[in-house]
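Following: one structure in structure tokens, then a few remarks.
All of the numbers you see were taken from the coordinates with simple rules; none came from a lab. Source: prediction; values computed, not measured. Don't worry about glycine lacking a Cβ; one is built from the backbone with ideal geometry, like all the others, and counts go over all protein chains shown.
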Amino acid sequence: MIGIIIAAHAKLSYALIEAAEFIKKKSQPALLPLSVNIEDEPTDKIIKKIQDGIKKVNRGSGVLILTDMFGGTPSNISYSFLQEGTVEVLSGVNLPILIRAIDNREKMKLNELADSIEAFGKKSISLASGILKGNKRDNT
């Protein structure tokens, strides 16, 4: 099983996990929220939190770190942990991406999962007026 860390600003990581577990109707193993607040924590403390988190969720199949936005502190610090086949980082997490990652983390290798959820995430954004006008969309 691939371990998953959500590293995000404020309490977003907790909210995403709470929503995913509500939808999945059960607690998820090897899934860890990490709140990042550069104003309250020095960078070295955030680095240590991520390092400890990787050890905590790693079940031998790698760790996927999902961050809230490219260029933000959670992402920038997480990139230092990139290690091909062991730790991957995907920025721009949303609830559909998290659920897809949870659903597929036992079926795929880390690099396959990361590629898959990146592609899915790009398709998981919808403009309601476009859908109502009959514009087709493919969320596979």
Placing unit charges on C-beta atoms (Lys and Arg positive, Asp and Glu negative, everything else neutral), compute the dipole magnitude of the range 3-132 about its Cα centre in debye, rounded to 20.
440
Once the in-chain neighbours fewer than 8 apart are removed, the aspartates and glutamates whose Cα is under 19 Å from LYS123 read ASP68, ASP103, GLU112, ASP115, ASP138
Counting only residues 5 or more apart in sequence or on a different chain, those whose built amide H sits under 5 Å from that of VAL89 are ILE65
Evaluated at 25 °C with a viscosity of 0.890 mPa s, what Stokes-Einstein diffusion coefficient in µm²/s does the range 66-140 have when Rh comes from the Kirkwood expression over alpha-carbon pairs?
180
Over 22 Å, how big is the tail of the calculated P(r) for the range 3-132, in percent of all Cα pairs?
32
With springs connecting C-alpha atoms under 10 Å apart, model the chain as a Gaussian network and identify which of LYS49, LYS26, LYS107 has the largest mean-square fluctuation.
LYS26
The range 1-108 - share of DSSP beta bridges that are antiparallel (%, nearest 5):
5
Taking 31 Å as the cut-off for C-alpha to C-alpha distance, list the pairs among LYS45/LYS107; LYS48/LYS109; LYS26/LYS109; LYS11/LYS107 that go past it.
LYS45/LYS107
From the phi angles alone, apply the Karplus equation (6.51, -1.76, 1.60; θ = phi - 60°) to the range 78-87 and give each ³J(HN,Hα) in whole Hz, x where the residue is Gly or Pro.
4, 4, 5, 9, 3, 8, 3, x, 10, 9
Under 5 Å, built H, 5+ apart or other chain: amide partners of HIS9:
VAL36, ASP68
When the Karplus curve 6.51 cos²θ - 1.76 cosθ + 1.60 is applied with θ = phi - 60°, which whole-Hz ³J(HN,Hα) does each residue of the range 17-28 get, with x for Gly and Pro?
5, 4, 5, 5, 5, 5, 5, 6, 6, 6, 5, 10
How high is the relative contact order of the range 3-132, given as a whole-number percent (alpha carbon pairs under 8 Å, six or more residues apart)?
25
